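Taking it in order: structure first as structure tokens, then the write-up.
No value in this document is a laboratory result; all are computed from the given coordinates. Quick caveat: nothing in here was measured; it's all calculated off a predicted structure. Cβ: placed from backbone, ideal geometry, glycine included. Neighbour counts: every protein chain shown.
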Amino acid sequence: MEKILVTGATGQIGSELTMALRNRFGAANVVAAGHSRPPLSHLRQSGPYCRLDVRDAEAVRQLVEDYQIDTIFHLASLLSAVAEEKPRQAWDINMNGLLNVLEVARVHDCAVFFPSSIGAFGPGTPAMDTPQDTIQRPSTLYGITKVSGELLCDYYYHHFGVDTRGVRYPGLISNIALPGGGTTDYAVDIFYEAVKNGHYDCFLDADTQLDMMYMPDAIGAAIQLMTADSQKLRHRNAFNITAMSFTPGQLAREIQKHLPGFTISYRVDPVRQVIADSWPRHMDDSAARAEWGWRPCFGLPEMVKDMLEKIAVKLDKS
Ligand code: VAH
């Protein structure tokens, strides 16, 4: 990896992945491309940034040629809840955007990282210890784009030799960029509300168990997979990876260990509850551990401690 493009660079993953890549590979070698959200100042000031609509095939091609890109972390996507509100736009961005990236990668011999999701599974998938290879019939538009994206990336690998690799991310928790319209966003919102107001009104039911991961582990996984020995990969798109699995009630109790006065109430959003209920509770990530050495660093206690400390500083409440 010498010349890297990050699409969706102003999003929840992209904001931190771009900085991690710049720290490791050199800021001038990592081009950040965003569209709907303005870049955070440190992202714009620390290296090349440009606006990019991944639905514009010519713009994608021009950017890859201008910067002689050899690796694309393709993060541009609409997330689950927004995709249910705007299904046609979600299909256009998530699928036609990916196809544009894969076509340019085919012509210019770029490697491609594709972030799939637990959303690529559906109600018929085994919910506990979800196998690496199992039934995938998602019931959300977002999930349909994710399983289709996995298949399209594997197709470009098998038919054109494009070096495509991906992971199925669980819910991601970060203290830098806010999430944008996902079903797991409660696991980020709760920390800001706990520090600011000591109370959180949760949009998922107390017992909704989902796989989760702290952003430093999510970033590390993307870079570790893309720098892994290609010969050792039996799978490509996409690897199950997880770090913890918890319910809103369990998360609240862990926060109360640090903020004893914190309280939580529940006002379920039926759209996002239906989405969450269609996803697995806990994935089996043994394939990622065996094929490229995946190991998370943060479990629930470590994540909660770090999130509360970082957000207290961010909100000047420390
Ligand atoms: C979402 N955060 O909620 C994303 C993610 C597993 C969840 O795909 O849509």
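What to note about this one:
- Rounded to the nearest 500, the helix-only mean residue ellipticity at 222 nm of the chain stands at -12500 deg cm²/dmol, with each DSSP H run of n ≥ 4 adding -39,500 (n - 2.57).
- Estimated Rh, the stretch 151-194: Kirkwood, alpha-carbon pairs, angstrom: 13.0 Å
- The ellipsoid that matches the Cα gyration tensor of the stretch 209-318 has semi-axes, each √(5λ) in whole angstrom, of 30, 19, 11, with the longest given first.
- Dividing the mean sequence gap of close Cα pairs (under 8 Å, 6+ apart) by how many residues the stretch 34-182 holds gives a relative contact order of 25 percent.
- Acute angle (nearest 10 degrees) that the helix 141-160 long axis makes with the longest principal axis of the chain, alpha-carbon atoms: 30 degrees
- The orientation-averaged projected area of the convex hull spanned by the Cα atoms of the chain comes to 14.8 nm².
- Helix axis angle, 12-25 relative to the chain longest principal axis, alpha carbon, degrees: 60 degrees
- Mean sequence separation of contacting Cα pairs (under 8 Å, at least six apart), scaled by the length of the chain, corresponds to a relative contact order of 18 percent.
- Inter-part distance, the stretch 162-177 to the stretch 99-161, computed on C-alpha centroids, equals 13 Å.
- Estimated translational D of the stretch 157-221 in µm²/s (Stokes, Kirkwood radius over Cα pairs; 4 °C; 1.567 mPa s): 93 µm²/s
- Once the C-beta distance of M128 and R88 is scaled by a Förster radius of 30 Å, the resulting FRET efficiency is 0.30 to the nearest 0.05.
- Fully extending the segment from K317 to F25 would add 101.7 nm, taking 0.36 nm per residue of separation and subtracting the current Cα-Cα distance.
- Stretching the chain fully between L151 and V271 yields a gain of 40.5 nm (0.36 nm per residue, less the alpha carbon separation).
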